[in-house]
1. Have a look at Lys503, Lys469, Lys533 and point out the one that is under 30 Å from Leu615 (Cα atoms), charged (D, E, K, R) and modelled with pLDDT under 90.
2. Condition check: farther than 30 Å from Lys271 by Cβ, aromatic (Phe, Trp, Tyr) and in contact (Cβ under 8 Å) with a residue 24 or more places away in the chain. Does Tyr359 satisfy that?
3. Hey, Lys99 hits all of (1) within 37 Å of the chain's Cα centre (by Cα); (2) within 23 Å of Ser23 (Cβ to Cβ); (3) modelled with pLDDT under 80 but one; which does it fall short on?
4. Output the number of residues of region 254-286 satisfying the condition of being of a type in the set (A, V, I, L, M, F, W, C) and out of contact with any Ser or Thr (no Cβ under 6 Å at 6 or more places or on another chain).
5. So which residues in region 371-397 are under 18 Å from Leu335 (Cβ atoms), assigned to a strand (DSSP E or B) and in contact (Cβ under 8 Å) with a residue 40 or more places away in the chain, if there are any at all?
6. In region 304-342, what residues are of a type outside the set (Val, Ile, Thr), surrounded by 15 or more Cβ atoms within 10 Å (Cβ to Cβ) and under 27 Å from Asn261 (Cα atoms)?
7. Going through region 601-646 one residue at a time, which ones are touching a residue at least 60 places away in the same chain (Cβ under 8 Å) and part of a strand (DSSP E or B)?
Amino acid sequence: MGAEVFISYSSLDRDIVMPVVQSLRENGISVWVDEGNIHAADLWSEQIVQAIADCRVMVVLLSQNSADSHNVVKEVMLASEQKKVLLPVYLEPADIPAKLQYQLAGIQHLELYDQNNQNVLADLVNGLSKRGITLGGEVSSPEITTVKRHERPSAKQAKTNCDLKKTSAKSIALILSVLFILLCVYLNNVNSNRNIQSPESILGIMQLKLPIPDEYPLAKPSDMPFGVPSRMISISPTGKFFAYVCIKDDERYLSLIDIQNNSHQILTKSKGGLFPFFSPDEKWIGFVTANKLNKIEISSGLLKEICDASNAYYGATWGNDGMIYYGESEGRKFLKVSENGGSPQLMTNKIYDMQEVEYVSAVSGPKLIFRSPGPNITRGPFSIYSLDIISGKINKIVNGLTPLVYENNFTKIDDGQFRTINFDKDTFELTSDTSTLFNSRIRYSDIGSQISMSKNNVIACISGDSTLKKKLMIVNPVDKNIQTLFQREEVFGQYSISPDGKKVAVEVVDNQIYNIHILDLKRSRLSSVTTSKHNYSPFWSPDGASVYYTSNRDDFSNFGLYKYELSKNVEQKIDLIGEHFRNLCVSDVSNDGTKLLCFGFKGSEISSELYSVNLVGGEQVKITNNKLDEWGAVFSEDEKWIAYTSEKDMQGSYAIYINSFPEMDQEIRISAGGGEEPKWLPDGSGVYYRNGDQWMKVRLNFDNEIEIGEPELFFEGEYVNVWGPSHDVFPDGRVLLLKGSEWIQPTEIDIIINALKADNY
């Protein structure tokens with residue numbers, strides 16, 4: 001068997017190298033070194049190659065001489081290809097060539113100059129021991145692994161190399177120590193005033209893996225409140241800290257990793273927390289709960305309430321100006337508040353759904369960038385906008401999701417791909433075409449992308465397929481049997497079952513473009529009905545000959561109503577009288593086909609109201625006017641009653657109500673707790689509704705006085721909730737639901753240093 005340690009060096013450094021070799025041998029380490037200058041001979045392919053194949057660790061003695069040595073580069077590249085452990089030791093400061101930088105980037109090194117050589121040599125011996133090298137006849141088990149730039153270890157490799165997926169304190173500390181070595185170089189360049197320094201001149205482009213402890217897993221989308229943008233990770237301005245939303249004892253908490261100090265902790269006072277974000281000086285971490293905006297001092301764990309914030313579910317960002325900017329999903333307001341607390345101030349009411357907001361220190365003054373459907377729009381494809389904090393001016397930048405900015409690089413997510421664009425930081429005008437930065441996909445959903453960026457070009461993200469695709473599933477609530485209706489997975493949205501139960505009209509989404517498709521169950525065939533962009537909310541006519549739907553294809557802030565006759569392949573726009581809808585959804589149709597029940601927004605309304613639409617003349621009648629979100633109304637069999645979802649008395653949550661129709665003078669709550677999306681049972685004997693993962697059934701009797709039974713569990717399971725009605729009932733009582741793609745729990749976070757300089761990544 002060959003020597004365990006191979007020494008790579010330049011023969012010009014022999015006088016310095018041989019004492020190092022002697023010291024290793026005195027410690028019982030088996031060393032191979034070219035002592036006869038065979039580098040100059042024609043034997044490289046024999047002795048050198050075999051010695052590299054036999055070794056466990058290659059010690060690379062770096063100097064300007066070795067940096068200029070073609071043979072040293074070849075040796076390092078061969079060792080890297082064979083996945084040998086590399087241990088660089090600098091004999092002097094040196095300019096390392098690109099090929100050598102590529103192989104050695106991110107690996108802990110020693111410096112054998114301007115220091116106590118004996119101490120450094122002792123560290124070298126200790127380092128080799130930790131890498132499993134026999135020391136004085138005793139074999140040590142490997143304790144650490146190197147992570148090379150561009151290398152993405154497989155799951156098998158990760159388990160083999162010190163069981164990286166395990167979550168013991170020892171494993172976490174071990175991996176974090178590697179990350180610390182890689183990051184501390186430039187973290188220490190951050191001065192006492194916390195001015196952000198770029199690491200570009202110090203480090204090359206590197207990709208690392210940060211493990212997620214098994215005992216504190218990343219929260220799943222189903223752990224979030226419905227409709228909440230699920231951006232669950234955040235990296236601090238200098239990359240020193242990383243935070244994510246975790247699950248502990250079935251509750252949400254913030255988990256904080258201090259990379260620089262090799263520590264991990266659960267912030268116990270962050271119970272129920274969402275959307276972690278850091279202060280510019282990294283002393284505080286902010287987060288939101290259902291009704292508060294809070295911050296925790298990182299050093300002490302002190303919790304401070306910033307302000308009341310009802311459903312601040314659109315995210316928050318901490319500006320350099322001492323203000324925190326955040327959005328409230330209830331009322332769709334965007335506000336700012338002092339980092340020290342106080343009364344929030346309204347920023348703007350000119351745009352809705354300001355999500356994934358980021359603070360940018362632009363040349364022309366501070367700005368916020370965010371994603372939104374657009375001004376006065378509640379549903380549509382998301383684009384990225386800027387808001388001038390001083391003037392209040394809003395400008396559209398580009399289509400896409402999840403805006404992030406580093407210097408003059410503007411980034412976004414498109415269909416799971418991370419893309420970068422050059423832009424003018426003064427005007428915010430784009431100055432280059434979009435290019436894809438990563439070959440891998442960023443895990444995302446329609447309500448959030450799992451990526452965050454520091455102010456000094458460090459990216460934290462979760463790679464993997466999106467969680468958007470879904471399957472249509474049938475649940476029989478009698479025998480609990482579950483079947484797949486259609487094998488193909490698509491990005492399905494709202495849907496409606498035909499009166500005869502033989503077809504399903506369904507939204508299909510392709511990169512934020514919605515269109516209506518018909519699924520023929522007999523032929524198992526999915527075909528498109530609409531070809532124009534942005535069509536929503538399909539619902540069948542009573543005779544099954546037509547499908548009603550809405551569209552904002554011409555103007556994102558103006559929804560129209562359409563009818564498609566299947567036998568004629570003809571689309572007809574239904575003229576509506578009165579003020580136009582900013583959003584409109586169809587939820588039911590009368591037995592005679594003359595009336596639609598709809599819900600939506602008009603004008604300056606900030607809540608969804610219920611409407612009855614006369615299909616003959618286009619007249620619209622508002623049947624609720626509570627300035628509360630009310631939606632999903634459905635007719636009883638005799639059309640004397642409607643059941644619907646309302647947030648009345650629920651403080652931001654929903655419950656199920658029935659009311660007389662059209663009088664609307666007998667409002668009765670029928671759900672014991674929360675609930676949404678009512679459907680009448682096929683025999684008209686009651687209503688079932690959804691409450692989280694539970695479907696409840698309430699029996700109703702209208703013979704004399706109204707009798708309301710106790711809600712009882714109908715069935716339960718994890719099914720997807722989409723915008724608007726997201727389940728329906730077949731004539732035989734079976735329920736059609738959406739099953740999301742299987743959630744694959746992430747076990748690690750990708751950390752990419754200098755990512756936006758990766759021209760050839």
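The values are calculated or read from the model by the stated rules, or taken from the named source; none is laboratory data. Being a predicted model, the structure only gives us computed values, none of them experimental. As a convention, Cβ positions derive from the backbone with ideal geometry for all residues, glycine included, and neighbour counts pool all protein chains shown.
1. Working: Lys503 fails: modelled with pLDDT under 90; Lys469 fails: under 30 Å from Leu615 (Cα atoms).
Going through Lys503, Lys469, Lys533 in turn, the sole match is Lys533.
2. Numbers: farther than 30 Å from Lys271 by Cβ: no; aromatic (Phe, Trp, Tyr): yes; in contact (Cβ under 8 Å) with a residue 24 or more places away in the chain: yes.
No.
3. (2) is the only condition that Lys99 fails.
4. Kept after step one, since they are of a type in the set (A, V, I, L, M, F, W, C), are these residues of region 254-286: 254, 256-257, 259, 266-267, 274-275, 277-278, 284-285.
The next check asks that each one be out of contact with any Ser or Thr (no Cβ under 6 Å at 6 or more places or on another chain); those that pass are 256-257, 259, 267, 274-275, 284-285.
Number of matching residues: 8.
5. Ser386, Leu387, Ile394
6. Hits for region 304-342 are Ala316, Trp318, Gly319, Glu339.
7. Selection gives Phe601, Trp631, Gly632, Trp641.
A quick yes/no check of all residues on (1) more than 19 Å from Asn569 (Cβ to Cβ); (2) assigned by TED's automatic domain parsing to the domain that holds Arg441; (3) surrounded by 15 or more Cβ atoms within 10 Å (Cβ to Cβ):
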| position | (1), (2), (3) |
| --- | --- |
| Thr484 | yes, no, no |
| Gln487 | yes, no, no |
| Gly493 | yes, no, yes |
| Ser498 | no, no, yes |
| Ser524 | yes, no, no |
| Ser527 | no, no, no |
| Asn535 | no, no, yes |
